[in-house]
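The values are calculated or read from the model by the stated rules, or taken from the named source; none is laboratory data. Bear in mind that the values here come from a model prediction, so they are computed numbers and not experimental data. Glycine gets a Cβ as well: all are built from the backbone with ideal geometry, and neighbour counts include every protein chain shown.
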Amino acid sequence: MYSEKARKNADACRFCWMCRHLCPVQLVTGKETNTPRAKGLQVSMMERGMKMDAASARTMYECMLCGACTNDCATGFDPLIFIRVGRTEAMLEDLAPDEVKQVLDRIERTGNIYGAREVRVKLDGIPEMGDNLLWLGECARYAVPETADALISLLNKAQVPFAALKDEPASGSSLGDLMGFVEDVRAQAQRAGEAIRGSGAKRVIVLDSYDAALMRHEYKDWGVDLPEVVTATSFVAELVRQGKLVPRQEAGVVTYHDGSRLARDLDEHEPARELLRAMGYELHEMWQNRRLAKCCGSSVAGQFMPEIRQKVAENRWADVRRTDARLLVAACPQSTEALQSTAPEGYKYQDLFVLLNKRV
């Protein structure tokens, strides 16, 4: 059963073509069903009696939930509302793709999308209680630990006392992207909130922007009380402003990729650029940057549609090739996972914190 809000947004989107050129999935698949308009049309038809089948359920999952369509909508509608509800409907009807069910099974067994048992980040000697709690997220903990290790090193170099949870629970971000914002997702958020409060933290420094966006936007509506939530990029940029971190200068040209949730959901664009300038780099922007940045693919999407995630990341590299930069930098672990494995010959990718850690 679609909510009134989902129905309203779907009916508004079903005959509108204005954002189709921005959808990263449609751009690489060429499938009309991958446009927000087509998904809205399907939801409207289902609300008028058409039954969801496996094919229509799959189209609800062929989406990065990047928000490019929402950001560009001149009339203020949000396709992500009915796409998330469409995923909830697919789960209720047992029509979700098998690949999605496999990811959900891994979450049930291990608590993360990777099915990993061992955390790869170096957490030895870090307390689990303190005023500043570092929230790493599952991508950094299990897939790209170098991003978390570099951030931890930077905080130590700046002599910032901080804590980190060895058994950090899921924030609910991945499950919410897979199932919609159902009760199971809110329960994950409640457990995450309890863990944060149990640490005694007055501030949560969040590395993964997917977690930060959920904590800032949804937790309050779900009754999850948190202390101050700051992104790792904004926190580290402030350390540089205060002179607690002084980067060595490095001449060179770079371009910067704005992660979808950092740039659109959190509306944060400048701290990462400040850090690049503080290192002495000349920043040459891609044509689509800041709120208009093209998605490179999320980690959860990479688990159930890896081929599409790879093509979406490669398409972002095509934007890099239109600049004169040979080094691409991003500040989100999920962007790191997508982009570092798809770098074309002659180009390099570097996580922002890894790069900065080499300079201080």
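Would you point out which residue out of G130, G172 is small (G, A, S) and more than 18 Å from the chain's Cα centre (by Cα)?
Values: G172 fails: more than 18 Å from the chain's Cα centre (by Cα).
G130 is the lone residue from the list that is small (G, A, S) and more than 18 Å from the chain's Cα centre (by Cα).
Looking at this structure, is T29 within 26 Å of R316 (Cα to Cα), of a type outside the set (D, E) and either under 19 Å from the mean Cα position of the chain (by Cα) or modelled with pLDDT of 90 or more (or both)?
Working: within 26 Å of R316 (Cα to Cα): yes; of a type outside the set (D, E): yes; either under 19 Å from the mean Cα position of the chain (by Cα) or modelled with pLDDT of 90 or more (or both): yes.
So T29 fits the description; yes.
Residues to consider are E285, E274, E268; find the one that is in a helix (DSSP H, G or I), without any contact (Cβ under 8 Å) to a residue 60 or more places away in the chain and not assigned by TED's automatic domain parsing to the domain that holds N71.
On the way: E285 fails: in a helix (DSSP H, G or I); E268 fails: in a helix (DSSP H, G or I).
Only one candidate passes the filter, namely E274.
If A54 satisfies all but one of (1) surrounded by fewer than 18 Cβ atoms within 10 Å (Cβ to Cβ); (2) within 25 Å of the chain's Cα centre (by Cα), what's the number of the condition it fails?
(2)
Is at least one residue of the stretch 274-287 closer than 18 Å to L136 by Cβ and of a type in the set (D, E, K, R)? Show your work before the answer.
Of all residues in the stretch 274-287, those closer than 18 Å to L136 by Cβ come to none.
Within the stretch 274-287, none of the residues are closer than 18 Å to L136 by Cβ and of a type in the set (D, E, K, R).
Restricting attention to the stretch 274-301, and to residues there that are in contact with an Asp or Glu (Cβ under 8 Å, 6 or more places away or on another chain) and loosely packed, with under 15 Cβ neighbours inside 10 Å, which single residue is nearest to A96 (Cα to Cα)?
Checked the stretch 274-301; the qualifying residue nearest to A96 (Cα to Cα) is W287.
Within the set of pairs 6+ apart or on separate chains, which have a first residue in the stretch 133-144 that is modelled with pLDDT of 95 or more, a second that is in a strand (DSSP E or B), and C-beta atoms under 6 Å apart?
From the stretch 133-144, the pairs are L133/A163; L133/V204; L134/A164; L134/I205; W135/V204; W135/V206.
Of the conditions (1) over 18 Å from A158 (Cβ atoms); (2) buried (at least 19 other Cβ atoms within 10 Å of the Cβ), D221 fails just one. Which one is it?
(2)
Would you mind finding the one in I205, I196 that is outside the structural domain of S299 (by TED's automatic domain parsing) and more than 16 Å from the chain's Cα centre (by Cα)?
Numbers: I205 fails: more than 16 Å from the chain's Cα centre (by Cα).
Of the residues listed, the single one that is outside the structural domain of S299 (by TED's automatic domain parsing) and more than 16 Å from the chain's Cα centre (by Cα) is I196.
Residues Y281, Y210: which one is within 20 Å of L133 (Cβ to Cβ) and among the hydroxyl-bearing types (S, T, Y)? Please lay out each step first, then the result.
Details: Y281 fails: within 20 Å of L133 (Cβ to Cβ).
Just one listed residue meets the conditions, Y210.
For the stretch 295-332, which residues satisfy the criterion of being within 16 Å of S209 (Cβ to Cβ) and part of a loop (DSSP other than H, G, I, E, B)?
Of everything in the stretch 295-332, those that are within 16 Å of S209 (Cβ to Cβ) and part of a loop (DSSP other than H, G, I, E, B) turn out to be C295, C296, G297, S298, A331, C332.
So is G137 under 18 Å from the mean Cα position of the chain (by Cα) and either surrounded by 15 or more Cβ atoms within 10 Å (Cβ to Cβ) or under 20 Å from D184 (Cα atoms) (or both) or not?
On the way: under 18 Å from the mean Cα position of the chain (by Cα): yes; either surrounded by 15 or more Cβ atoms within 10 Å (Cβ to Cβ) or under 20 Å from D184 (Cα atoms) (or both): yes.
When the stated conditions are applied, G137 passes them.
Are any residues in the stretch 302-323 surrounded by 18 or more Cβ atoms within 10 Å (Cβ to Cβ) and β-branched (V, I, T), and if so, which ones?
I308, V312, V320
Inside the stretch 35-150, counting only helices (runs of 4 or more DSSP H) that do not spill past its ends, which hold 1 or more residues that are small (G, A, S) and farther than 24 Å from D167 by Cα? Explain how you work it out, then say what you get.
Working: elements: 36-47, 54-61, 68-72, 79-92, 98-110, 138-142.
In the stretch 35-150, 36-47, 54-61, 68-72, 79-92 are the helices (runs of 4 or more DSSP H) which contain 1 or more residues that are small (G, A, S) and farther than 24 Å from D167 by Cα.
Condition (residue is surrounded by fewer than 24 Cβ atoms within 10 Å (Cβ to Cβ), in contact (Cβ under 8 Å) with a residue 24 or more places away in the chain, over 25 Å from A150 (Cβ atoms) and among the charged types (D, E, K, R)) applied to the stretch 324-338: is it met by at least one residue?
yes
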